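Please read the structure below before turning to the comments.
The values are calculated or read from the model by the stated rules, or taken from the named source; none is laboratory data. Quick caveat, the model's predicted, so the values are computed rather than measured. FYI the Cβ positions are ideal-geometry reconstructions off the backbone, even for glycines, and counts take in every protein chain you see. For accessibility, only protein heavy atoms count, side chains too; no ligands or nucleic acids. Shrake-Rupley method; radii C 1.70, N 1.55, O 1.52, S 1.80 Å.
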Amino acid sequence: MPVVWSDDHRLHDPGGEVWLGVRIPGTELPERAERIREALTADGAWFVEAEPQPDDAVASVHDAELTAYLAGAWDAWEAAGLPDDPGIDRVVPYLFPHPDLFSGIAPRAATSVTARAGQFAYDTMTLIGPGTWEGARAAVDSAVTAANLVLDGERAAYACTRPPGHHVTRTCFGGSCYLNNTATAAARLRAGGHATVAVVDVDAHHGNGTQAIFWDDPTVLTGSVHVDPAEGWFPHYLGFEDERGVDGSNRNAVMAPGSGDESWVAAVSELGAWAAEAGVEALVVALGVDAAEGDPESPLAVTPAGFREAGRALGRLGLPTVVVQEGGYDLDTLGGLVLEVLTGIEEGALERG
Ligand code: SP5
Ligand code: ZN
């Protein structure tokens with residue numbers, strides 16, 4: 001299947017994360033996409049350059065206020081002199097407009113750039129630097145280019161991209177994500193003529209942003225399989241199985257820490273079957289490979305064979321399929337794992353004929 005690529009992902013370097021008030025190295029590194037590209041190149045993959053997409057692609061799933069903030073956040077931070085005093089070279093929030101502050105009063109937009117950072121970010125780990133906006137915008141271009149390839153007749157296409165996106169809602173961002181690439185692909189498939197589409201999110205963490213964006217939209221089914229948030233895993237407050245969406249168009253499958261191929265592949269297959277039974281016309285796979293045994297960000301233990309088998313189950317659905325990269329942080333294995341899933345999807349589609 002075609003692999004959509006943009007060098008512009010390199011413009012975004014989060015520069016670590018602020019964790020419990022301490023700046024630590026992060027795992028969402030530019031090297032991630034390069035390693036995936038290397039593994040797919042070695043396999044002879046067909047690469048397609050991401051095409052610039054209109055701003056409508058972003059506006060289809062995000063409020064203009066969030067988008068405008070992200071586009072200008074670094075310039076405002078730099079103009080305020082904050083990289084020199086107090087000496088922080090990334091945008092990081094310090095104050096969050098908690099809903100319980102407001103007694104029903106409509107919150108104002110903060111005028112101070114330091115306060116404004118907390119109006120849109122819901123964690124301190126998702127830092128904004130000089131090229132963050134350009135990198136995040138290029139990831140949307142990749143996801144929508146992949147959707148367009150499928151609308152033009154490819155059976156499947158893969159957006160090899162970062163930063164990831166599935167933790168971003170219409171109005172707020174976090175979890176190393178800035179714009180919801182997966183959601184833009186789903187919206188493009190809908191706009192391109194598919195009456196109903198499904199997102200199946202196999203990243204080790206709950207796709208809370210995608211769930212929220214399509215919560216009240218019966219034409220975009222959303223399903224996510226992830227480590228149980230009740231066991232203390234990000235995003236902690238969301239991802240429980242009783243979250244069903246308006247009209248029942250959302251499903252969550254939670255995995256106990258330590259879960260491996262058997263239960264994880266079964267859960268992915270069940271989400272696919274749920275979408276197919278609902279009669280969806282196209283599929284978006286939010287492909288994180290951080291459920292892997294050995295991934296530093298999750299306690300799941302899926303093997304390469306498990307990723308291949310999950311890919312086959314999704315391919316057997318026989319749907320036009322857009323695959324969008326999400327997480328996956330073990331640099332030495334993530335490229336091979338992505339290749340397993342993509343190969344599995346192709347095998348499943350052939351099996352079905
Ligand atoms: C797209 C994606 O996979 N996002 C995952 C974000 C989850 N990050 C949670 C990080 C929790 C804090 N990490 C601190 C590590 C200290 N060793
Ligand atoms: Zn993840």
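Results, tabulated for the structure shown:
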| item | result |
| --- | --- |
| Simple label model, 7 Å out from Cα along Cβ direction - D55 to A273, nm | 4.6 nm |
| Computed over the chain: relative contact order in percent, which uses C-alpha pairs under 8 Å that are six or more apart | 18 percent |
| Neighbour-limited loop hits for chymotrypsin sites (Phe, Trp or Tyr not before Pro), the range 169-265 (at most 16 other Cβ within 10 Å; DSSP other than H, G, I, E, B) | Y237, F240 |
| Cut-off under 5 Å, modelled amide H: who pairs with F173 long-range | A121, Y122 |
| Phi to ³J(HN,Hα) by Karplus 6.51 cos²θ - 1.76 cosθ + 1.60 over the range 87-92, Hz, x for Gly, Pro | x, 10, 8, 9, 6, 9 |
| Expected-Rg normalisation [2.2 N^0.38 Å, Cα atoms] applied to the range 202-353 | 0.96 |
| Size of charge dipole - the range 277-353 - debye, nearest 20, with Cβ of Lys, Arg +1 and Asp, Glu -1, no other charges | 320 debye |
| Cα Rg, Dmax (largest Cα-Cα span) when computed across the range 81-207, Å | 17.5, 53 |
| For the range 1-56, size of Cβ-based charge dipole, Lys and Arg +1, Asp and Glu -1, in debye | 320 debye |
| Gyration tensor over alpha-carbon atoms, the range 13-83, equivalent ellipsoid semi-axes in Å | 29, 23, 11 |
| Loop trypsin sites (Lys or Arg not before Pro), the range 70-166, which have at most 11 other Cβ atoms in a 10 Å radius of their Cβ (DSSP) | R108 |
| Among beta bridges that DSSP assigns inside the chain, antiparallel share in %, nearest 5 | 10 percent |
| Cα gyration tensor shape for the range 275-336, rounded if a/c is under 1.5, else prolate or oblate | prolate |
| Calculated FRET efficiency for the pair E281/W46, C-beta based, R₀ 22 Å, to 0.05 | 0.35 |
| Residue-count net charge about S249 - beta-carbon cut-off 12 Å; Lys, Arg +1, Asp, Glu -1 | -2 |
| Summed side-chain charge close to G15 - residues other than G15 whose Cβ falls under 13 Å, Lys, Arg +1, Asp, Glu -1 | -2 |
| Simple Cβ-charge dipole of the chain, Lys/Arg +1 and Asp/Glu -1, about Cα centre, in debye nearest 20 | 520 debye |
| Part-to-part distance (alpha-carbon centres) for the range 10-88 and the range 285-353, which is given in Å | 23 Å |
| For A156, residues with placed amide H under 5 Å, excluding near neighbours | T321 |
| Relative contact order [Cα under 8 Å, 6+ residues apart], the range 49-179, whole percent | 30 percent |
| Estimated [θ] at 222 nm from DSSP helical runs (n ≥ 4, -39500 (n - 2.57)) normalised by residues in the chain, nearest 500 | -11000 deg cm²/dmol |
| Amide proton proximity set for A253, modelled H, under 5 Å, gap of 5+ | S224, V225, H226 |
| Axial C-alpha extent at least 20 Å, average Kyte-Doolittle at least -1.0 - helices from the chain (DSSP) | 64-79, 132-151, 261-277, 334-352 |
| Label-point gap, in nm, between A191 and R108 - each point 7 angstrom along Cα→Cβ | 3.5 nm |
| Charge-dipole axis of the range 1-125 as Lys and Arg at +1 and Asp and Glu at -1 on Cβ define it, positive-most pick from A59, Y94, G26 | Y94 |
| Rounded accessible area per residue of the range 220-300, 1.4 Å, Å² | 39 Å² |
| Selected from V168, W133, L149, residue furthest toward positive end of dipole (the range 125-187; charges at beta carbon) | V168 |
| Rule-of-thumb Rg ratio for the chain [Cα; 2.2 N^0.38 Å; N residues] | 0.93 |
